[in-house]
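The values are calculated or read from the model by the stated rules, or taken from the named source; none is laboratory data. Nothing here was measured: the structure is a model prediction, and the numbers come from that model. FYI the Cβ positions are ideal-geometry reconstructions off the backbone, even for glycines, and counts take in every protein chain you see. The accessibility values were calculated without ligands, DNA or RNA, using every heavy atom of the protein model including side chains. Shrake-Rupley method; radii C 1.70, N 1.55, O 1.52, S 1.80 Å.
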Amino acid sequence: MYFDTTHIKLLMTTTSQQKEEKTRELIIKTAQQLFQRDGLHEVTMEGIAEATGKAKSSLYYYYRSKEEIWDSVMDIEINEIVTDISQAVNKSRTTEEKIRAFCGTMVKSLRKKRTLYNIAYGGNIVVKRNRSTGGIRKRFVQRESVLFNEILLEGIKNGELRPLNAKDQEIMVFVLLSGLKGLEKEMVLEKDYNLDPAINALSHMIINGLKI
C-alpha cells in the first residue's frame, strides 16, 4: 500500500501549527484577564502559567517575557477599541454625528478598559521599552489618526466640510486627539464623571471650525 508521506507531513505540520496558535490564544486571553484585574506589576509569568494550566517553561517557548505578552495583549485591546469606533462611526450619517460617535465611543471603550489604559498611559517602563513600532501609545495614535482622517475626507467629499490641505488636516487631527486625551485623563481621575456634555462640545467645536 502506498502512503503519500508528503501529504502526511503537511497534515502533521498544519495540526502542530494550529495547536501552537490555540496555545498562544489561550495565553493571551488569560493574560488579558489577569492584566485587567491585577495590573501589570502584579502579574507574573508564574501566574499566567498557573492560570493557563501550562508549565512556566512552556510559556517561554511562545513568549520571551511578560513584557512581550503584555505587548500582544495591548495590540488586541487597540484592535478591539478601533473596531468599536469604526462600527459606531459607520452607523452614523452626518460628519458631525460621525465625529461625536468617534469621540464618545473612544472614551467609553477606554472606560471599560480603565486598568489597561492606566498602565499604557502611565509612563510605565514597559511602554517605554516597547518594540520598534514606536510603542503602544504611538500605535494607538496612528490608528486613531487614520480613522479620523477618513471621517474628514468623507465629509469633504460629501460637501459637509470645507476642503483642507494636508497641513490643516493634520492640525485638526492633532486638535481633536489632544482634546480627547484631556477627557480621557478626567475619566481616569473622576470615575463617575459624565463626559457626554464635554464630548458634544468638542465635536461641535471641531465641526463648526470645518464647515463650509
Close pairs (8 angstrom Cβ cut-off, 6 or more residues apart or separate chains): modelled with pLDDT of 85 or more in the range 173-191, open to solvent by 40 Å² or more (accessible area, probe 1.4 Å) anywhere: V173/N149; L177/V141
Determine whether the range 39-53 contains at least one residue that is closer than 30 Å to G159 by Cβ, out of contact with any Ser or Thr (no Cβ under 6 Å at 6 or more places or on another chain) and at pLDDT 90 or above. no
Which one of the conditions (1) farther than 18 Å from A31 by Cβ; (2) in contact (Cβ under 8 Å) with a residue 24 or more places away in the chain does D71 fail to meet, given that it meets all the rest? (1)
Of (1) open to solvent by 30 Å² or more (accessible area, probe 1.4 Å); (2) modelled with pLDDT of 85 or more, I151 satisfies every one except (1)
Here is a check on your reading of the model: is A55 of a type in the set (G, A, S), surrounded by 19 or more Cβ atoms within 10 Å (Cβ to Cβ) and at negative phi? no
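If I filter the range 61-100 down to residues being of a type in the set (A, V, I, L, M, F, W, C) and open to solvent by 20 Å² or more (accessible area, probe 1.4 Å), which single residue comes out as modelled with the highest pLDDT? Explain how you work it out, then say what you get.
Initially, the range 61-100 is screened for residues of a type in the set (A, V, I, L, M, F, W, C), giving 69-70, 73-74, 76, 78, 81-82, 85, 88-89, 99.
After this cut, where a residue has to be open to solvent by 20 Å² or more (accessible area, probe 1.4 Å) as well, the list is 76, 88.
Values: I76: 88, A88: 96.
Here the answer is A88.
A quick yes/no check of all residues on (1) aromatic (F, W, Y); (2) part of a helix (DSSP H, G or I); (3) in contact with a Cys (Cβ under 6 Å, 6 or more places away or on another chain):
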residue: K54; (1), (2), (3): no, no, no
residue: S57; (1), (2), (3): no, yes, no
residue: Y60; (1), (2), (3): yes, yes, no
residue: N79; (1), (2), (3): no, yes, no
residue: V82; (1), (2), (3): no, yes, no
residue: I85; (1), (2), (3): no, yes, no
residue: N90; (1), (2), (3): no, yes, no
residue: I99; (1), (2), (3): no, yes, no
